[in-house]
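The values are calculated or read from the model by the stated rules, or taken from the named source; none is laboratory data. Note that the structure is a prediction, hence the values are computed from the model and not measured. When we count neighbours, we look across all protein chains shown, and the Cβ atoms used for this are built from the backbone with ideal geometry, even at glycine.
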Amino acid sequence: MPPRAPIATLETHEVTNQPPPIAAYNLYDSDPILRAALRREGAGWAERRVRGFGAAVGEESVWALAEAANRYPPELRAFDRFGHRIDEVDYHPAYHALMTLAKRHEVHSIAWTAKRKGAHVAHMALEYLLVQAEAGVCCPITMTYAAVPALRRAPALAAEWEPRITAPEYDPRCIPADEKSGATMGMAMTEKQGGSDVRAATTRARALGDGAYELTGHKWFCSAPMSDAFLTIAYGDAGLGCFLVPRWRPDGSRNPFLIQRLKDKLGDRSNASAEIEYRGTWAQIVGEEGDGIRTIIEMVHHTRLDTALAAAGMMRQAVVWAVHHAVHRRAFQRALVTQPLMRNLLADLVIDWATATMMAARVARGFDAPGDPFARIAVSIAKYWINKRLPNHVFEAMECLGGGGYVEESAMPRLYREAPVNSIWEGSGNVICLDVLRAMARAPDSLDAFLAELDAARGGDRRLDAAIARLEKDLAAKGDREPRARRLVESMALALQGALAVRFAPPAVADAFCASRLGGDWGHALGTLPTGVAFDEIIALGRLDQD
Ligand SMILES: Cc1cc2nc3c(=O)[nH]c(=O)nc-3n(C[C@H](O)[C@H](O)[C@H](O)COP(=O)(O)OP(=O)(O)OC[C@H]3O[C@@H](n4cnc5c(N)ncnc54)[C@H](O)[C@@H]3O)c2cc1C
């Protein structure tokens, strides 16, 4: 809660020209782009629930939780006070409160429990709102959501675990999962010698019979280590397998899950990321030995959706804070929001956020049909591009606040530190671009589905038509694809955003997007839109009712 009635008349000066704190607001109701996308992409039925969550995460008390969860990061407790090994992590109560809020509102589960079209779009909307409240908890929530399709490759395991992990309960106790009211899932793939190159794993799996194994090895990054179970990969005799590692063995003893240390990270500070070792660790195989990558990729595919949509959510947050400040702050006797150059910058920020959100929602719709070819390729394109735009987007929004934006109390630094992580995790930029090339080569129907989406917008804007024609030429050029992959994926992302904008965005956004991103009437920094853009109309999309 902001302090009530702070004193503005001080002995040496009067405090003036400072924006008021943002009061509680509904993050859903205030977001016209999300509202339209939710309905358009097939999740209108979820509106009441998403609106309820938008109100919940917009409470001032939730902002305070987010602040505390990041100010007091988790601590490793490898041993209890008597020297017994426990490998537990202590979190601030604020973290647990945020996890409870997210699980109660089914951010992790609605995609699986709703059992109707648009369920992944509903998930997209909830997670997009959650990230605006606090980004760190999105990691365990995302992994819990994304583990489901991988687990389904082992029906018996899915029958045991799915009810626990889709339960709307958060139970932070470190006890066996079958004694808990709800469970969370983590993922442990990355090893010291190679993260992107999953086949470089050195962890070994020794079969014990009946689908049980014993693992020996390490994982260099394992986030949310207090999750109840982890999907991990290791080599068995028949090749790389995907395994489920619970924190507890079936006999009720602690499974060796040796947390060596917690990472001291740039951002994502409310969330723990650990280095762990397996020493004779009990595990169950998910799917077949030798089929590990195909199994874990089901989880990766879904985490990639969240890494894309989370970046769009963070853009929304940056826009709201920048616009709010510019509305209330005056410089040179005029409100910043009325100054032409500031208007250009704010509008450019809004355009990035709006088109990122539309793209994330469209991609999410593809997830409703397992194996959807559009989702196969578009999720990588969206993850790459939105995350590439995000750090600079947040930086420019921060600069709108001037020096105050650089100060922790503004929460802008927290957002800025969060900004790079979703680009690195689950396929870093280059790897994601190579994945797009792989999709085009191995699943040509994914490219067909992608081009069909562009086709639907043809004729809507000549600059979009020209961009699609250029893209088709680039796609047809077969030679030297790998060094061109970033350029290619960027062009695909822009064409998709343009196509969605032309069909569905407010005309002012679509026109400015096509002029700048596709037509080239734009500079290298944000705030370089051409004159003639409908700045007010665009900026209004980032304005809260209280502004
Ligand atoms: C906060 C955080 C949390 C994380 N949590 C988890 C977790 O819970 N579980 C988990 O398993 N991992 C986790 N990771 C690890 C993350 O997924 C890896 O760091 C990532 O996959 C990259 O692997 P790497 O670090 O080994 O880098 P590398 O694989 O060595 O890659 C380094 C760079 O080289 C590039 N590169 C790789 N191959 C190529 C190529 N062929 N051509 C061109 N460029 C290439 C990559 O794009 C990257 O930029 C987390 C990371 C972070 C930062």
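Just one of the numbered conditions (1) small (Gly, Ala, Ser); (2) closer than 30 Å to Glu59 by Cα; (3) within 16 Å of the ligand (Cβ to nearest atom) is not true of Ala114: (3). Would you please name the residue that is nearest to Ala37 (Cα to Cα), looking only at residues in the stretch 459-504 that are in contact with a helix residue (DSSP H, G or I) (Cβ under 6 Å, 6 or more places away or on another chain) and in a loop (DSSP other than H, G, I, E, B)? It comes out as Gly460. Screening Ser253 against (1) within 22 Å of Ile424 (Cα to Cα); (2) free of Cβ contacts under 8 Å to residues at least 12 places away in the same chain leaves a single unmet condition, (1). Note on the stretch 327-342: residues that are surrounded by 12 or more Cβ atoms within 10 Å (Cβ to Cβ) and of a type in the set (S, T, N, Q) amount to 2.
With within 16 Å of the ligand (Cβ to nearest atom), of a type outside the set (Val, Ile, Thr), in contact (Cβ under 8 Å) with a residue 40 or more places away in the chain and not assigned by TED's automatic domain parsing to the domain that holds Ala64 as the only criterion, which of Asn344, Asn392, Asn387 stands out?
Details: Asn344 fails: within 16 Å of the ligand (Cβ to nearest atom); Asn392 fails: within 16 Å of the ligand (Cβ to nearest atom).
Answer to the check: Asn387.
Which condition does Val327 not pass, out of (1) in the same structural domain as Pro413 (by TED's automatic domain parsing); (2) touching a Ser or Thr at 6+ places or on another chain (Cβ under 6 Å); (3) over 17 Å from Trp425 (Cβ atoms), if it passes all the others? Failing condition for Val327: (2).
Can you pull out every residue in the stretch 1-54 that is aromatic (Phe, Trp, Tyr) and under 21 Å from the mean Cα position of the chain (by Cα)? Residues satisfying the conditions are Tyr28, Phe53. Considering only the stretch 102-136, state which residues are surrounded by fewer than 22 Cβ atoms within 10 Å (Cβ to Cβ) and in a helix (DSSP H, G or I). If the condition is that a residue be surrounded by fewer than 22 Cβ atoms within 10 Å (Cβ to Cβ) and in a helix (DSSP H, G or I), then Arg104, Trp112, Thr113 are the ones that fit.
Of the residues making up the stretch 291-328, those that are under 18 Å from Ile141 (Cβ atoms) and of a type in the set (Ser, Thr, Tyr) are Thr303, Thr307. Would the stretch 370-380 turn up any residue that is of a type in the set (Phe, Trp, Tyr), in contact with a helix residue (DSSP H, G or I) (Cβ under 6 Å, 6 or more places away or on another chain), at pLDDT 95 or above and closer than 20 Å to Asp445 by Cβ? Yes, that holds for at least one residue. Looking across the stretch 442-458, the residues that are among the hydrophobic types (A, V, I, L, M, F, W, C) and part of a loop (DSSP other than H, G, I, E, B) come down to Ala443, Ala456, Ala457.
Are any of the residues in the stretch 194-213 crowded, with 24+ Cβ neighbours inside 10 Å and among the basic types (Lys, Arg)? No, the stretch 194-213 contains no residue that is crowded, with 24+ Cβ neighbours inside 10 Å and among the basic types (Lys, Arg). In the set (1) away from the ligand (no atom under 15 Å from the Cβ); (2) touching a Gly at 6+ places or on another chain (Cβ under 8 Å), the condition left unmet by Ser446 is number (2).
Candidates in the stretch 273-324 are the residues that are outside the structural domain of Asp435 (by TED's automatic domain parsing) and aromatic (Phe, Trp, Tyr); of these, the one that is surrounded by the fewest Cβ atoms within 10 Å (Cβ to Cβ) is Trp282. When the stretch 456-488 is filtered for residues that are touching a residue at least 24 places away in the same chain (Cβ under 8 Å), under 15 Å from Ala499 (Cβ atoms) and small (Gly, Ala, Ser), the ones remaining, listed by number, are Ala456, Ala457, Gly460, Ala466, Ala467. Got a number for residues in the stretch 263-294 being within 14 Å of the ligand (Cβ to nearest atom) and outside any strand (DSSP E or B)? Count: 12.
Taking the criterion of being part of a loop (DSSP other than H, G, I, E, B) and within 24 Å of the chain's Cα centre (by Cα), the residues of the stretch 169-191 that qualify are Glu169, Tyr170, Asp171, Pro172, Gly182, Ala183, Thr184, Met189, Thr190.
The set of residues from the stretch 179-195 being away from the ligand (no atom under 16 Å from the Cβ) and touching a residue at least 40 places away in the same chain (Cβ under 8 Å) comprises Lys180, Gly182, Ala183.
Given the residues Gly498, Gly479, which is the only one that is away from the ligand (no atom under 16 Å from the Cβ), over 27 Å from the mean Cα position of the chain (by Cα) and over 27 Å from Gly195 (Cβ atoms)?
Details: Gly498 fails: over 27 Å from the mean Cα position of the chain (by Cα).
Checking each option against the conditions leaves just Gly479.
Has the stretch 208-222 got any residue that is over 28 Å from Asn422 (Cβ atoms), part of a strand (DSSP E or B) and of a type in the set (Asp, Glu)? Taking every residue of the stretch 208-222 in turn, at least one turns out to be over 28 Å from Asn422 (Cβ atoms), part of a strand (DSSP E or B) and of a type in the set (Asp, Glu). With respect to the conditions (1) under 29 Å from Pro391 (Cα atoms); (2) under 20 Å from the mean Cα position of the chain (by Cα); (3) more than 11 Å from the ligand (Cβ to nearest atom), Thr166 lacks only one, and its number is (1).
One line per residue, one yes/no per condition, for (1) touching a strand residue (DSSP E or B) at 6+ places or on another chain (Cβ under 8 Å); (2) closer than 21 Å to Thr142 by Cα; (3) within 13 Å of the ligand (Cβ to nearest atom):
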site: Ala177; (1), (2), (3): yes, yes, no
site: Asp197; (1), (2), (3): no, no, yes
site: Lys219; (1), (2), (3): yes, yes, yes
site: Ile233; (1), (2), (3): yes, yes, yes
site: Arg254; (1), (2), (3): yes, no, no
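For the stretch 337-380, the set of residues classified as in contact with a His (Cβ under 7 Å, 6 or more places away or on another chain) and closer than 22 Å to Ala540 by Cα consists of Leu349, Asp352, listed by residue number. Look at Glu134 and say whether it is of a type in the set (D, E, K, R), more than 16 Å from the ligand (Cβ to nearest atom) and out of contact with any strand residue (DSSP E or B) (no Cβ under 9 Å at 6 or more places or on another chain). Taking the combined requirement at face value, the residue does not satisfy it. Does Asp547 satisfy the criteria of being without any contact (Cβ under 8 Å) to a residue 40 or more places away in the chain, farther than 19 Å from Leu309 by Cα and acidic (Asp, Glu)? Spelling it out, it is not the case that Asp547 is without any contact (Cβ under 8 Å) to a residue 40 or more places away in the chain, farther than 19 Å from Leu309 by Cα and acidic (Asp, Glu).
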